[in-house]
Amino acid sequence: MRRLIPPLAAAVALTGLLSATTTSATADPANKPVHRLDCDGTGGPGSTCTVIATGKARPHRVEEFVTTVKTGDQVWARDTMYTRDGQVRSRPFTLPAGEVTVDVSLTSLPEKHVGTQLRLMAFNLFVGGTFDRKETTGENLAHMIDYINEVNPDIFFVVEGYGSGEKILDGLNAGRSEGDRFTGVRLTHPEDNSHNGDNLWLYTKLEVQKVYPRYADAEIDSFNIGGARLGLPNGQHVHAFSLWTWHDGWAYGDTHNAAVENTHGLPRSKTDAQILEGDYLRRMAMGKSILEKAIPQFTENDGAPVLMGGDLNAQSHLDWSEQFADSPGHGGLVLPWPYTKQYTDHGFMDTFRYANADAGLYPGRTWSPFHGMGAIPGRIDYVFARGEDVRVLGSRADIQRLPRHQQTPLYPQYPWYSDHGAVVTDILIRGKGTGPDREIVAEEPGKGRHIWPAEPAGRRIPPAELKATASTFKPGIGDPKRAVDGNLTTDFHSDYPVVPPQPHTITVDLGRVRELSAVRFQPKLRTNMNGTILKGMVQVSDDGVTFRDVKAVEWARMTAPNDVSLDGVSARYIRLRSDYGIGGASALAEILPYEKA
């Protein structure tokens, strides 16, 4: 059931927690917006709501609505929308607890002076779409180009072009009309190819008015930043830069470990302060050079919009604030990351987080659809925008192959085209132009959000009552007994470096026949997720010889526990047959069987 919550005083009387403010930037004081919330259920905290805002529709005018949902200074939802009929509906958001304020502003614009919509895309291609040269058929690169064409960006910021730049340009332009073709600009200069490969590229359908010369100082060079001045159809221009900064002081790995340790009550390997020190190893100095030297030199501070995209190897201070400490995967951590804050301090909007303000509902994971998503929402790839005429319309993070590419042999090993997700953002540059002319991109709410499920029903069987054997294991550090020792920091792992071909099996002896309720399979809780089981079969047996299938399983590349219901099953032995794991290996931190109480 949905519930319409009226605005202003009526809303306060209804919920006791909702206030509302409406403001208008239109020259016509009579054209003041009104709004209401459309919520499901009771309309209380936790409800899914949208803002419906209404103004006056006028001939030859376009109305720009900006809606913001806050509790105090904390922003939970934000939308910029354009309409000719005087009414808009925001994207859905989760109504937070506390006193909620909904602000709505309205600007009325001449229909030919709204602005130009641009689609921006940032993507680290993992050595030119070859998975560090492990995928040699060229099929992945062809699929990647097909995906990029479907996104159809106006400006495409590329990291790790690594020899595929011209192939990508040819693929993007194949079959395109003259007015819809891309120009490709190789930005990394030969003297800066520290990894023996061209890193940064910029592709655009806009006019390339000037490619900026190589910049280099003690901290950065063209391996880290490069760009061009691009002309808009209305005579305005923007500055566009691809960028990459170092992974020294691995923000993702240290945060992952701390979140796991906090969540499971384990001793901390690093304090919060020690984690944040990682930004100071190289990134802070690099950011200072990028923001205070390179960009001012290139743009000459002419006031035109500045657009940037790339892989920062850094976590966002916006995601790890007090506001989101209790969000799934955050482990109560509050980490005011100094490097990404530099960009905010220099006037840049993190476009994904601007458009998707709730970091709990929209984690925006980009690391790593190939290596595994881990215990935290790793967001290390960004599209930034700066300029008083820039409006962010929507943004999403892509981490799943197109459906037509999921039917190919590449998909099980490579569920996405790279080890990084891609960030796609729609913006509008205010000025001459009729405004948005294509469907706005949007992130799916809750994608990858629920990563710590509640414990299964029943009585957990104590580790002392369990024994485990396996068809293959690494002696010592990968012994199957480590999967039933009650210690989340030890792992069962199939033998290596020579890994026997799958399927592999690990079998738990429950000591006697028991009436079971469920079994939890906890993947290894490490940033190295090699062996994480993705596909297999849960089996049971009474005698340890004859096993019967209970459930085929297919699990995500995450460290989240995987629960299988065994309600109504009686057995002494539980076996997991691992048909496919990351890297062709099989690994587990714990197998946790539950019996009916």
Check your understanding: Where residues in the range 541-560 are of a type in the set (A, V, I, L, M, F, W, C) and in a loop (DSSP other than H, G, I, E, B), which of them is farthest from V519 (Cα to Cα)?
Key -> V545
Study note, to complete from the structure: K535 vs (1) of a type outside the set (V, I, T); (2) open to solvent by less than 60 Å² (accessible area, probe 1.4 Å); (3) assigned to a strand (DSSP E or B): all pass except (2)
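Looking at P409, P403, P336, can you tell me which residue is open to solvent by 10 Å² or more (accessible area, probe 1.4 Å), free of Cβ contacts under 8 Å to residues at least 24 places away in the same chain, in contact with a helix residue (DSSP H, G or I) (Cβ under 9 Å, 6 or more places away or on another chain) and of a type outside the set (A, V, I, L, M)? Even if it seems obvious, please write down each step before you answer.
On the way: P403 fails: in contact with a helix residue (DSSP H, G or I) (Cβ under 9 Å, 6 or more places away or on another chain); P336 fails: free of Cβ contacts under 8 Å to residues at least 24 places away in the same chain.
Criteria check complete, one pass: P409.
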**Study point:** Given (1) open to solvent by 10 Å² or more (accessible area, probe 1.4 Å); (2) farther than 16 Å from Y354 by Cα; (3) in contact with an Asp or Glu (Cβ under 7 Å, 6 or more places away or on another chain), index of the condition K56 fails
**Key:** (3)
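Out of all the residues in the range 77-91, which are within 19 Å of Y362 (Cβ to Cβ) and surrounded by fewer than 19 Cβ atoms within 10 Å (Cβ to Cβ)?
Answer for the range 77-91, where residues must be within 19 Å of Y362 (Cβ to Cβ) and surrounded by fewer than 19 Cβ atoms within 10 Å (Cβ to Cβ): just R89.
Would you pick out the residues in the range 184-202 that are outside any loop (DSSP other than H, G, I, E, B) and loosely packed, with under 11 Cβ neighbours inside 10 Å? Please lay out each step first, then the result.
Our first condition is that a residue be outside any loop (DSSP other than H, G, I, E, B); within the range 184-202, this holds for 184-186, 190-192, 201-202.
Once the filter is applied, which keeps residues that are outside any loop (DSSP other than H, G, I, E, B) and loosely packed, with under 11 Cβ neighbours inside 10 Å, the range 184-202 yields only P190.
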Exercise for review: Run down G584, G544 and say which single residue is under 26 Å from the mean Cα position of the chain (by Cα) and of a type in the set (G, A, S).
Suggested key: G584
Exercise for review: Pull up the range 231-266, narrow it to residues that are in contact (Cβ under 8 Å) with a residue 40 or more places away in the chain and more than 28 Å from the chain's Cα centre (by Cα), then point me to the one that is nearest to S321 (Cα to Cα).
Suggested key: H237
Review point. Among the residues of the range 112-128, is there at least one that is in contact with a Lys or Arg (Cβ under 7 Å, 6 or more places away or on another chain), of a type in the set (V, I, T) and either in a loop (DSSP other than H, G, I, E, B) or open to solvent by less than 20 Å² (accessible area, probe 1.4 Å) (or both)?
Key: yes
Exercise for review: Determine which single condition S222 fails, assuming it passes every other condition in (1) in contact with a strand residue (DSSP E or B) (Cβ under 9 Å, 6 or more places away or on another chain); (2) within 25 Å of N173 (Cβ to Cβ).
Suggested key: (1)
Check your understanding: Looking at R386, R353, which is the one that is modelled with pLDDT of 95 or more, among the basic types (K, R) and surrounded by fewer than 24 Cβ atoms within 10 Å (Cβ to Cβ)?
Key -> R386
Point to revise | Considering residues of the range 547-577 that are among the polar types (S, T, N, Q) and under 28 Å from the mean Cα position of the chain (by Cα) only, the residue least open to solvent (accessible area, probe 1.4 Å) | key: T559
**Study point:** Filtered residues of the range 290-326 (kept if free of Cβ contacts under 8 Å to residues at least 40 places away in the same chain and either surrounded by 24 or more Cβ atoms within 10 Å (Cβ to Cβ) or of a type in the set (S, T, N, Q) (or both))
**Key:** N301, S321
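Looking only at residues in the range 164-183 that are closer than 20 Å to R133 by Cα and of a type outside the set (G, A, S), which one is surrounded by the fewest Cβ atoms within 10 Å (Cβ to Cβ)?
Taking the range 164-183 as the starting set, the residues that turn out to be closer than 20 Å to R133 by Cα are 164-169, 171.
Pick out the ones that are also of a type outside the set (G, A, S) and you get 166-169.
Numbers: E166: 12, K167: 17, I168: 23, L169: 19.
Ranking the qualifying residues of the range 164-183, first place goes to E166.
For every residue, the table says whether it meets (1) touching a helix residue (DSSP H, G or I) at 6+ places or on another chain (Cβ under 9 Å); (2) assigned to a helix (DSSP H, G or I); (3) among the basic types (K, R).
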site	(1), (2), (3)
L106	no, no, no
T136	no, no, no
I145	yes, yes, no
L169	no, yes, no
Review point. Say we look at the range 473-495 and pick out the residues that are surrounded by 22 or more Cβ atoms within 10 Å (Cβ to Cβ) and in a loop (DSSP other than H, G, I, E, B); which of these is nearest to the chain's Cα centre (by Cα)?
Key: D491
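Looking at G161, G138 in this structure, which one is open to solvent by 30 Å² or more (accessible area, probe 1.4 Å) and either at negative phi or not aliphatic (A, V, I, L, M) (or both)?
On the way: G161 fails: open to solvent by 30 Å² or more (accessible area, probe 1.4 Å).
The conditions single out G138.
The values are calculated or read from the model by the stated rules, or taken from the named source; none is laboratory data. All values derive from a computational prediction rather than experimental measurement. Glycine also receives a Cβ, built like all others from the backbone with ideal geometry; neighbour counts cover every protein chain displayed. These accessible areas exclude ligands, DNA and RNA; they are computed on the full protein's heavy atoms, side chains included. Shrake-Rupley method; radii C 1.70, N 1.55, O 1.52, S 1.80 Å.
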